[in-house]
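Trainee: The structure is given below, and queries will be raised subsequently.
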Amino acid sequence: MRTGATRWLRVAALLALGAAYPLAAYWFTADPALTEYGAILAVAPWMAVAVALAWQSTRRAVAIVVCLALLGVLYFERGALMENFTWVYFAQHAGSFFLLAIAFGRTMGRDREPMCSRFARAVHGPLDDDVARYTRQITGAWTVFFVVMCVLSAISFFLAPLSLWSLFANLLTPILVAAMFGAEYLVRVRVLPDFEHIGVLRSVRAIWASSSADATSAETP
């Protein structure tokens with residue numbers, strides 16, 4: 001019971017953090033008086049990742065020293081960072097969708113397993129022909145979605161007021177992604193009525209377990 005409660009508290013904390021970050025990012029980029037906080041928030045996730053990787057490194061002391069040196073550089077160059085921190089947000093937003101578009105799109109090639117087919121196989125095992133056909137199509141749909149989001153991010157960042165881009169990147173993006181998931185689910189239920197439709201958390205756990213197993217088998221000689 002205690003383990004289950006701890007797990008749900010952890011999930012709730014991650015969801016709260018995930019919701020707070022885009023709200024804070026929108027607030028800090030929309031208000032010029034909060035530039036300093038916006039700059040700190042822009043680099044905080046990257047520094048957190050760097051510290052986590054440094055802590056897990058086999059040369060932990062050296063990696064931590066590098067992180068501290070990087071923090072020192074950011075502190076002494078804080079003026080330049082405050083003037084250009086919105087570029088960090090833009091690179092984070094548009095770059096994420098660009099990389100996702102490449103990751104999904106490259107699996108659409110001939111004799112390659114589409115990304116969504118791989119996810120479905122990790123959850124359900126071998127796929128029937130109609131399921132394989134559908135997952136290929138939905139991989140293409142997600143690829144187009146990622147490309148459109150990347151293009152819209154670039155257009156609004158360079159041609160629209162910063163507050164409008166921030167509204168799109170920080171507040172509308174989660175809604176659009178959720179809407180895409182919802183639309184895909186409705187289409188899947190209609191196209192594959194006899195297919196086992198499971199929850200998102202169960203799917204993520206199955207995909208994570210499959211990825212971990214694949215990584216372990218790849219490392220084993």
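Coordinate-derived values only; no laboratory data. All values reported here derive from a predicted model rather than from experimental measurement. Every residue, glycine as well, gets a Cβ built from its backbone with ideal geometry; the counts of neighbours run over all protein chains shown.
Trainee: Could you work out how much longer the chain between Trp46 and Ala91 gets when fully extended? Use 0.36 nm per residue separation minus the Cα distance between them, nm to one decimal.
Mentor: Working: separation 45, 0.36 × 45 = 16.20 nm, distance 1.21 nm.
This chain segment gains 15.0 nm when fully extended.
Trainee: Cα centroids of segment 120-172 and segment 37-84: how far apart, whole angstrom?
Mentor: Each part reduced to its Cα centre gives a spacing of 30 Å.
Trainee: Shifting gears a bit: Can you put Ile40, Ile138, Ile155 in order, fewest other beta carbons within 10 Å first?
Mentor: Ordered from fewest to most neighbouring Cβ atoms within 10 Å, Ile40, Ile138, Ile155 come out as Ile155, Ile40, Ile138.
Trainee: Output wanted: per-residue J couplings in Hz (rounded whole) for segment 66-83, from phi through Karplus 6.51 cos²θ - 1.76 cosθ + 1.60, θ = phi - 60°, x for Gly and Pro.
Mentor: Using θ = phi - 60°, the values come out as 4, 4, 5, 5, 5, 4, x, 4, 4, 5, 6, 9, 5, x, 5, 5, 5, 6 Hz.
Trainee: Can you pull the one-decimal nm distance between simple spin-label points at Phe76 and Ser163, each 7 Å off the Cα toward Cβ?
Mentor: Inter-label distance under the simple model: 3.8 nm.
Trainee: Right, another one. For segment 33-83, divide the Cα radius of gyration by the Kirkwood radius and give the resulting Rg/Rh value with two decimals.
Mentor: Numbers: Rg = 12.4 Å, Rh = 11.7 Å.
Rg/Rh: 1.06.
Trainee: Within 10 Å of each residue's Cβ, count the other Cβ atoms and sort Tyr75, Tyr89, Tyr37 from fewest upward.
Mentor: Values: Tyr75 9, Tyr89 23, Tyr37 17.
So the residues, fewest neighbours to most, are Tyr75, Tyr37, Tyr89.
Trainee: Another question, if that's okay. If each residue's Cβ is checked for other Cβ atoms within 10 Å, how do Trp27, Trp165 rank with the fewest at the top? Don't jump to the answer; show the numbers that get you there.
Mentor: Values: Trp27 15, Trp165 25.
Ascending Cβ contact count within 10 Å gives the list Trp27, Trp165.
Trainee: Continuing with this model, one more query. Starting from the Cα gyration tensor of segment 61-156, take the square roots of the eigenvalues, sort them a ≥ b ≥ c, and report rounded, prolate or oblate (rounded when a/c is under 1.5, otherwise prolate if a/b is larger than b/c, else oblate).
Mentor: Note, shape of segment 61-156 comes out oblate.
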